[in-house]
Amino acid sequence: MSAQILEGISLRDATIQRLSAKIKTLSVQPALTVIQIGSRTDSNAYIKAKKAFGEKIGARVLHEVLPEKVTTSEVVAQIKKHNADHSVQGIIVQLPLPTHLDQHTIIDSIDPKKDVDGLTSTHTQELWEDGSEIVLPATTRGILSLLDCYQIPVEGKKVVIVGRSVLVGKPTALAFLNRNATVTICHRGTKNLEEETRRADILIVAIGRAHFITKDFVREGQVVIDVGINTVSDGRLQEEVGKRKLVGDVDFESVSKIVSAISPVPGGVGAMTVASLFENLLDMIGE
Ligand code: NAP
């Protein structure tokens, strides 16, 4: 039996309609500043997607590029300028940063009221405490929106998350915990990973390894959410973005024959991540 496909494209398109209708009613045109440091090819592609989405809904996306060798204090100074700019309601710093920079200091210099990525200490603490003002990181919000859209309940479910990054794995684990799921987080140190993943009702994979989760990691009846975005060519990983084919961390071909529902790559969580970022932006405006 084949799995139900948890398709993000149509949900994203519906979000575009909803957000553009909402923006027409606002007293301000929403504006998001994206700060990029250096010129990583993957970051260029993600920023391009943000600009395209912003254009579709009628939001402004301002793109500021700082040189690769910029210092932490120079980045912070730029962020403070944007914090003080009342025509901009959202600021994001495109990650990952060059390794010489202090990511924590940089992210935490964003005014929490403009932190649409939900990564400042203020929002992280709210997530820890399950406060009422939670701004979820876009990928986490995208995963939850996808499940909600397909009316897949989370409460009481056993959720296994493979990957514990600050950007995806950890905030997603907390968000599911706050929704009363029973959460297990797996990583490179996890023993018997296959046993852990097979125990899940909902399996979320965010590791960045093409087709890592094969049929041996899953069982019938599971919901599988593939967050991974990997580039492959002719079955081999490769760097050139021009010729790239995107695949997930899950071997869709074999896994989709076993589980009950699965999100594809591309067209699953990735489609919802950009949409969720702009949902956060409109929430910040709060009209
Ligand atoms: P990351 O910071 O590199 O973290 C990867 C995590 O996976 C780490 O916690 C690592 O464990 C774990 N891991 C790696 N190999 C493993 C293995 N063999 N067994 C068990 N755990 C393993 O990556 P990330 O930023 O979270 O991103 C993960 C993937 O999601 C990437 O493909 C990225 O492109 C994608 N992504 C997609 C979206 C979207 O919108 N769809 C958004 C963000 C990221 P350790 O901690 O033990 O090293």
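Read the figures in this text as sums done on the coordinates, not as results from a lab. Quick caveat: nothing in here was measured; it's all calculated off a predicted structure. All Cβ positions, even for glycine, are placed from backbone atoms using ideal geometry, and neighbour counts span all protein chains on display.
For this structure, a couple of remarks:
- Strands (runs of 3 or more DSSP E) (entirely within region 31-148) containing at least 3 residues that are in contact (Cβ under 8 Å) with a residue 60 or more places away in the chain: 31-37
- Tally of residues being surrounded by fewer than 22 Cβ atoms within 10 Å (Cβ to Cβ), more than 14 Å from the ligand (Cβ to nearest atom) and within 18 Å of THR15 (Cβ to Cβ) across region 257-285: 4
- Of residues in region 162-204 being small (Gly, Ala, Ser) and within 10 Å of the ligand (Cβ to nearest atom), the one nearest to GLU220 (Cα to Cα): GLY163
- Residue within region 20-34 that is surrounded by fewer than 18 Cβ atoms within 10 Å (Cβ to Cβ), within 24 Å of PRO171 (Cβ to Cβ) and of a type in the set (Ser, Thr, Tyr) present: no
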